[in-house]
Amino acid sequence: DLASIPVQPVSSLKINQTAGRGKNKSSTLLASAQERVDARHNPYLDPQNRLEGEAGETRKRRGELRFVAPGKYIAQAEKLRERNLIEQVQAEVRAKNEAAAAAAPILAVIREEPQYEVPPIEWWDRPFVTTDEYPEFNDNMELADESVVQMDKVTHYVHHPVPVAPPRDPDAPVAAPLMLTKREQKKMRHQNRVEKQKEQQELLQMGLIEPPPNKIKLSNVMRVLANEVSQDPTKVETEVRRQVEERRKKHETDNEMRKKTKEERKAQAAAAKERDRQDGLYAAVFRILSLDDPRNRFKVDMNAQQEELTGVIVLYRNCNVLVVEGGAKSLKRFKKLVLRRIDWNRPSIEEEAEAATGEDTMAVDEEQKSGRRDDNKCILVWEGVIHKPNFWGFKILPLPTEEQARAFFRKKRVEQYWDLCVTVPIADKTVGRRELP
């Protein structure tokens, strides 16, 4: 039956639709209230959790209207403007003070020492005195009571204060001089000479200085003194020769004045060698097969002393060790001497004398020599930088045994020099202990 089917009433007006929604909401709240009552009797419900709609859950009240007092934000803006103006003025004053301090010279600031009350006893004297004040002295400046001062704590040691660096700026770094090539130096000299001549010409044009006399020579006398030569050529020639001789003597005199004395040249050479040593110390080790010729020993010894090199020559059969120490330039010249200039295979004085008398020198027993004359050579074993010199002066030291030679180098803490020399390859074979009888 169609009449038994429930039909929901339809509202056409907006107010009726709103009223219907309110009824549904109230019915929903009623149902939730019933469930909340049933939930109180639930044994598994935590009592600390508040249920929706219980006491304690209050709706947040809307705050009341609060009107701002007139002029509040205007006053805040004025204060902000004043603060910004004061900061700007302070920044300008600070900038002016910094600029003035940078332009003005640095002057010492004299600070007045603060006045303080003198204590009854200073802190540095307190460990030596048993009382809280200084002891009394009699008329003879002696202690009235010597038990007050603990003399057992007085020693001969002096307590120096810790040095403190003065409060100043570090020195400015010195600019390195500009290094010019030979071509650039020549160009600079030419420019300076041209500039100087130009200044002299300007002074001559303005009449501030007198012009120099003509430099008359026999080659230009006809062009400069044409009239005088035609009148009296002998007199003109005599005068020209006299002027040429005066210029020559003046030139030689100036050279002698600029020439340094023997002591000055010696001091200059010593200063150059000292600068060379200050730039860095180097050492070189050589092995020479034979030093029997006294002329070679003299050349090596004299050149080492002239170059102010330190070292030693250890003479031992066919393993003569030469060690030199010094600056880079001095060592370079010495190496050129021993490696290129000296002829180590030159015949000895006796051989030259025998050759001059016509005697046969080929019959000399080779076993009596420390090394073959045609195989004698000087070999650079090692060279490098050292921290400090190990020898003082230069000397020649003959040692008969290998143990003495090794002990000598061990004493100087350079035993490796000997080890390198006895193991250096010579003539495609290694010279070691087996070749040192």
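Give me the pairs, please: first residue somewhere in the range 325-348 and in contact (Cβ under 8 Å) with a residue 60 or more places away in the chain and open to solvent by less than 90 Å² (accessible area, probe 1.4 Å), second residue anywhere and small (Gly, Ala, Ser) and not in a helix (DSSP H, G or I), beta-carbon distance under 9 Å, and either six or more positions apart or on two chains.
Listed by first residue and then by second, the contacts come to GLU325/ALA283; GLU325/ALA284; GLU325/GLY311.
Do you know which residues across the range 268-294 are among the basic types (Lys, Arg) and exposed (fewer than 12 other Cβ atoms within 10 Å of the Cβ)? So that I can check it myself, show each step before the final result.
Step one: of the range 268-294, the residues among the basic types (Lys, Arg) are 273, 275, 277, 287.
Across the range 268-294, the qualifying residue is only ARG275.
Please go through (1) in contact with a helix residue (DSSP H, G or I) (Cβ under 9 Å, 6 or more places away or on another chain); (2) in a loop (DSSP other than H, G, I, E, B) for PRO127 and return the number of the only condition it doesn't satisfy.
(2)
Mind checking which pairs have a first residue in the range 389-409 that is within 18 Å of PRO294 (Cα to Cα) and a second that is of a type outside the set (Phe, Trp, Tyr) and part of a helix (DSSP H, G or I), Cβ under 8 Å, 6 or more apart or different chains?
What qualifies is PHE394/ASP301; PHE394/ALA304; PHE394/GLN305; ILE396/ARG297; ILE396/ASP301; LEU399/ALA405.
Return the total of residues in the range 338-396 being of a type in the set (Val, Ile, Thr), outside any strand (DSSP E or B) and modelled with pLDDT of 60 or more.
First, the residues of the range 338-396 that are of a type in the set (Val, Ile, Thr): 338, 342, 349, 357, 361, 364, 379, 381, 385-386, 396.
Subsequent filtering for residues that are outside any strand (DSSP E or B) retains 338, 342, 349, 357, 361, 364.
Next cut, modelled with pLDDT of 60 or more only: 338, 342, 349, 357.
Qualifying residue count, the range 338-396: 4.
On the given criteria, is MET179 more than 30 Å from ARG242 (Cβ to Cβ), modelled with pLDDT under 95, under 39 Å from the mean Cα position of the chain (by Cα) and among the hydrophobic types (A, V, I, L, M, F, W, C)? Give the derivation first.
Working: more than 30 Å from ARG242 (Cβ to Cβ): yes; modelled with pLDDT under 95: yes; under 39 Å from the mean Cα position of the chain (by Cα): yes; among the hydrophobic types (A, V, I, L, M, F, W, C): yes.
Yes: the conditions hold for MET179.
Would you confirm whether or not the range 299-319 contains a residue that is among the hydrophobic types (A, V, I, L, M, F, W, C), in a strand (DSSP E or B), open to solvent by 10 Å² or more (accessible area, probe 1.4 Å) and in contact with a strand residue (DSSP E or B) (Cβ under 9 Å, 6 or more places away or on another chain)? Steps first, answer last, please.
Taking the range 299-319 as the starting set, the residues that turn out to be among the hydrophobic types (A, V, I, L, M, F, W, C) are 300, 302, 304, 309, 312-315, 319.
Okay, now just the ones that are also in a strand (DSSP E or B), so 312-315.
Cutting the leftovers down to open to solvent by 10 Å² or more (accessible area, probe 1.4 Å) gives us 315.
Now restrict to residues that are in contact with a strand residue (DSSP E or B) (Cβ under 9 Å, 6 or more places away or on another chain): 315.
Looking for residues that are among the hydrophobic types (A, V, I, L, M, F, W, C), in a strand (DSSP E or B), open to solvent by 10 Å² or more (accessible area, probe 1.4 Å) and in contact with a strand residue (DSSP E or B) (Cβ under 9 Å, 6 or more places away or on another chain), one finds at least one in the range 299-319, hence yes.
For the list (1) at pLDDT below 90; (2) part of a helix (DSSP H, G or I); (3) open to solvent by 80 Å² or more (accessible area, probe 1.4 Å), I need the number of the one condition that VAL229 fails.
So the condition that VAL229 fails would be (3).
The values are calculated or read from the model by the stated rules, or taken from the named source; none is laboratory data. Remember, it's a predicted structure, so these values are computed and weren't measured experimentally. Heads up, the Cβs are rebuilt from the backbone with ideal geometry, glycines too, and the neighbour counts pull from every protein chain shown. Keep in mind that these areas ignore ligands, DNA and RNA; they rest on the heavy atoms of the full protein, side chains included. Shrake-Rupley method; radii C 1.70, N 1.55, O 1.52, S 1.80 Å.
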